[in-house]
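The values are calculated or read from the model by the stated rules, or taken from the named source; none is laboratory data. Bear in mind that the values here come from a model prediction, so they are computed numbers and not experimental data. So basically every Cβ, Gly included, is an ideal-geometry build from the backbone, and we count neighbours across all protein chains shown. Ligands, DNA and RNA are stripped out before the accessible areas are found, and what is left, the full protein with its side chains, is counted by its heavy atoms. Shrake-Rupley method; radii C 1.70, N 1.55, O 1.52, S 1.80 Å.
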Amino acid sequence: PRVCVVGSGPAGFYTAQHILKHHGAARVDIYEKLPVPFGLVRFGVAPDHPEVKNVINAFTQTARSERCAYYGNVTVGRDVTVAELRQAYHAVVLSYGAEDHRVLGIPGENLSGVYSARAFVGWYNGLPENRDLKPDLSCETALILGHGNVALDIARILLSPLRLLRKTDITAGSLAALASSKVKRVWLVGRRGPLQVAFTIKELREMINLPGARPVLNPADFTGLENAIKDAPRPRKRLTELMVKTALEKPGEKTAEVQAMVAQAAAPREWGLKFQRSPQEVLPTTDGRQARGVRMALTRLEGSGDSAKAVPTGDVEELECGLVLSSIGYRSLPLDPAVPFDTQRGVIPNSSGRVEGVPGLYCSGWVKRGPTGVIITTMNDSFDTAQSVLEDLQVGVLDASTSREGFGAVESILRSRGVRPVSFSDWEKIDAAEVARGKAAGKPREKIVDPQEMLQLIGH
């Protein structure tokens, strides 16, 4: 059987890996619109979290299998349609992720100085489409809307000492911009309370221990939470206890952590969490062009736990800032009119990865279940879809006895449209060049951010 996977991020690679491992004869072709593979592992994971990128080693093993092939620089839906792929393969799995961001839907969100978290992360991680972002870092206060790990990543990158960032694979351009940044205060704002934050304890602890930056948490936000967390699941309990401890601890209780906090009290930079505030409008400067602050509705919570809803109280507050980053989630987009798409939920309607009403078409990852979870969540989800493909092959829902040409058929379509795919060995040349450039600068790699430069490098 010939299987095609669209998207080379974790969802695509884990789907391919599972099919190859559990079917001794299957061949899997992976298509990717960029010349370079690995999706959010390359373009989403923070530069100072290199250990999270180790999954690339396993993905590389999969790509090097003689039953697997990688075709980069091919945009499905434009260079080749899903219908054409379905003609060429026994099964097609869509694993192309979430390439857009959720909008705030408030006045002023298009002012200069307002950016989506997705674009900002793409900028410092070398995502080609964001390479020219040029965020304005000339203000002292930045406001991040959202209480997830991506929001903490951005705060950490904005406030990290340069000596720490210089050793990472952050792009040269963003490192230079951060070197002259004036940002010294970052507020992370959420609509709900401390019990509803979406970040995890590891990321919070890393932020609290960030050298040269002190946490500013308002003790009033955390009073009375001890009772509320008694019955909370352990991860939520530990996370809340860490916030409470950071907010309430007095200098003088000389634990090692407190000594660190005392040292940080003199820190030139600071960050804090603000709760129960919902953005109403980004406020413009007098010339009407730049963001100068955000007006927020104060909220109260109805209900408790994860299902608590934030309801405006009628009171408002203005926070001054020159940089606004909206980190309220990513969003999948429809790829091809031939594929059903639920615009409300931003997913392809499916059951266990089988696309509703289109036999032989599957989906995995964020486009299947929505843009949530970490790499391990995506791994399990992709194995689930791969299992559906294997079952359908086994019971004959997918007829593997009819021969399909696979890439042979696609190659002639691409050639007729003037598209030259990038192979995995081409990528390995780009990879080697990046690592060599990084070595010269004392970094793990220096990412090439221009796709044209990548293609020149491999002689395309």
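Using a probe of 1.4 angstrom, how much of the accessible area of the stretch 100-326 is carbon and sulfur, in percent?
Values: 5340 of 10500 Å².
With neighbouring chains kept in place, the figure for the stretch 100-326 is 51 percent.
Any idea of the accessible area per residue across the chain, 1.4 Å probe, to the nearest Å²? List each step's numbers first, then the result.
On the way: 20420 Å² over 460 residues.
In whole numbers, the chain has 44 Å² accessible per residue.
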Practice problem: For GLU206 paired with LYS182, estimate the spin-label separation in nm (one decimal), with each label point 7 Å from Cα along the Cα-to-Cβ line. | Solution: 2.9 nm
Quiz item: Residue-wise, which Karplus ³J(HN,Hα) couplings in Hz belong to the stretch 360-367, taking 6.51 cos²θ - 1.76 cosθ + 1.60, θ = phi - 60°, and x for glycine or proline?
Solution: x, 10, 9, 8, 8, x, 5, 6
Self-check item: Nearest-20 debye value, the chain charge dipole, Cβ charges on Lys, Arg, Asp, Glu
Solution: 860 debye
Quiz prompt | Under-5 Å amide H pairs with ARG214, H placed in peptide plane, nonlocal only | solution = ARG269, GLU270, TRP271
Exercise. Take the alpha carbon atoms of the stretch 155-219, find their center, do the same for the stretch 383-400, and report the distance between the two centers in whole angstrom.
Key: 44 Å
Exercise. Would you check the accessible area of THR402, probe 1.4 Å, heavy atoms only, in square angstrom rounded to 10?
Key: 60 Å²
Quiz item: Counting only the backbone N, which residues of the stretch 79-100 are under 14 Å from the spot 7 Å out from the Cα of ILE413 toward its beta-carbon?
Solution: 79-94
Quiz item: Given 0.36 nm per residue, what is the gain on full extension from SER307 to GLU140 after removing their alpha carbon distance, in nm?
Solution: 56.6 nm
Quiz prompt | Residue pairs, from the table LYS21/LYS202; LYS184/LYS237; LYS33/LYS368; LYS21/LYS447; LYS21/LYS429, whose Cα atoms sit over 24 Å apart | solution = LYS21/LYS202; LYS184/LYS237; LYS21/LYS447; LYS21/LYS429
Quiz prompt | LEU111, LEU273, LEU301, reordered so the largest accessible area comes first (probe 1.4 Å) | solution = LEU301, LEU111, LEU273
Self-check item: Phi-based couplings in Hz for the stretch 182-187 (Karplus 6.51, -1.76, 1.60; Gly and Pro marked x)
Solution: 9, 5, 10, 9, 10, 9
Exercise. Please give the net charge around ARG166, taking every other residue with its beta carbon less than 12 angstrom from that of ARG166, where Lys and Arg add +1 and Asp and Glu add -1.
Key: 0
Quiz prompt | Loop-located GluC sites (Glu not before Pro) in the stretch 338-416 whose Cβ has at most 16 other Cβ within 10 Å (DSSP) | solution = GLU356, GLU405
Quiz prompt | Loop-located trypsin sites (Lys or Arg not before Pro) in the stretch 275-313, at most 15 other Cβ atoms within 10 Å (DSSP) | solution = ARG289
Quiz item: Accessible area of LYS184, 1.4 Å probe, to the nearest 10 Å²?
Solution: 80 Å²
Quiz prompt | Per-residue ³J(HN,Hα) for the stretch 198-210, Karplus 6.51 cos²θ - 1.76 cosθ + 1.60, θ = phi - 60°, Hz, x for Gly and Pro | solution = 9, 6, 10, 5, 4, 5, 5, 4, 4, 5, 4, 8, 4
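On average over all directions, what projected area in square nanometres does the chain have, based on the convex hull of its Cα atoms?
24.3 nm²
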Quiz prompt | Pairs of alpha carbons in the stretch 94-137 whose separation is greater than 11 Å (percent) | solution = 71 percent
Self-check item: Set of lysines with alpha-carbon distance to LYS230 below 19 Å, sequence-local pairs under 8 removed
Solution: LYS245
Exercise. Report, to the nearest 10°, how far helix 375-394 tilts away from the longest principal axis of the Cα atoms in the chain, using its own Cα long axis and a range of 0 to 90°.
Key: 20 degrees
Self-check item: Spin-label zone in the stretch 91-133 - amide nitrogen under 19 Å from a point set 7 Å from the Cα of ARG289 along the C-beta vector
Solution: 108-115, 133
Quiz item: Points 7 angstrom from Cα along the Cβ direction at HIS460 and LEU162: gap in nanometres?
Solution: 3.4 nm
Quiz item: For ILE328, ILE154, what's the largest-to-smallest order of accessible area, 1.4 Å probe?
Solution: ILE328, ILE154
